[in-house]
Amino acid sequence: LGPPVDWAQVQADLGLSLPADYRAYVDEYGIGWVNRLVLVLHPTTRTPHLNLARSAEEAADPEALEMAETPPPHPVGLGLGRLLPCAVTETQDVVYWHTDGDDPDRWPIVFRDAEAYEWQRFDLSLVGFLLALFTGEIAPAEYASAGYVGEEIRFQPNPWRHPIEV
């Protein structure tokens, strides 16, 4: 669903290694929606709001952080010890890695519920979080009532009318 990602170059540019499950997800699926709710950010797309590094820069903007009802539990942006956005939802929620430590496969997920103004930590990988979310194990109630959580997990590649450059 797009050209292969040069992971060595991406990680060198970011100054961070990235979790194996994230790399496998991007290699398999590219850009698109999971159950029309979650979009995993892509490391090489030129579309700013879908790009992993650009999203981190935007999330770390002091003006954006000042507008938050509940401040983040850790600094936001690129680098170790920070909250790095890795996925966004249709409902303006954000999924972050807490880049805590040198082993990215052990980074926990921090979920910012935009409606409840809550930050929740999950000791799950990104793919583990998505699975728990869409099987209803951790899904906020409004996801189920809106039809995002059901019997199927569906991926919809690039649902937009224009091509997404990666």
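Each reported figure results from applying straightforward, stated rules to the coordinates on display, with no laboratory input. No experiment lies behind these values; they were computed from the predicted model shown. Neighbour counts run over all protein chains shown; Cβ positions are idealised from the backbone, glycine included.
Per-structure values
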item	result
Long-range HN-HN contacts of residue 32 with modeled amide H, under 5 Å	40, 158
Solvent-free Debye scattering, log10 I(q)/I(0), computed from the Cα coordinates of segment 42-118 at q = 0.17, 0.20, 0.24 Å⁻¹	-0.63, -0.88, -1.24
Segment 1-134 - share of DSSP beta bridges that are antiparallel (%, nearest 5)	90 percent
Relative contact order computed over the chain (Cα-Cα under 8 Å; 6+ residues apart), in percent	23 percent
Label of the coordinate-derived value, volume of the Cα convex hull per residue in Å³, listed as (1) 128; (2) 112; (3) 152	(2)
For residue 118, distant residues with modelled amide H under 5 Å away	113
Listed residue (107, 59, 25) projecting farthest to the positive dipole end of the chain, Cβ model	25
Fluctuation leader among 57, 69, 151 - the chain, Gaussian network, Cα springs under 10 angstrom	151
Dipole magnitude of segment 1-135 about its Cα centre (Cβ charges: Lys, Arg +1; Asp, Glu -1), debye to nearest 20	260 debye
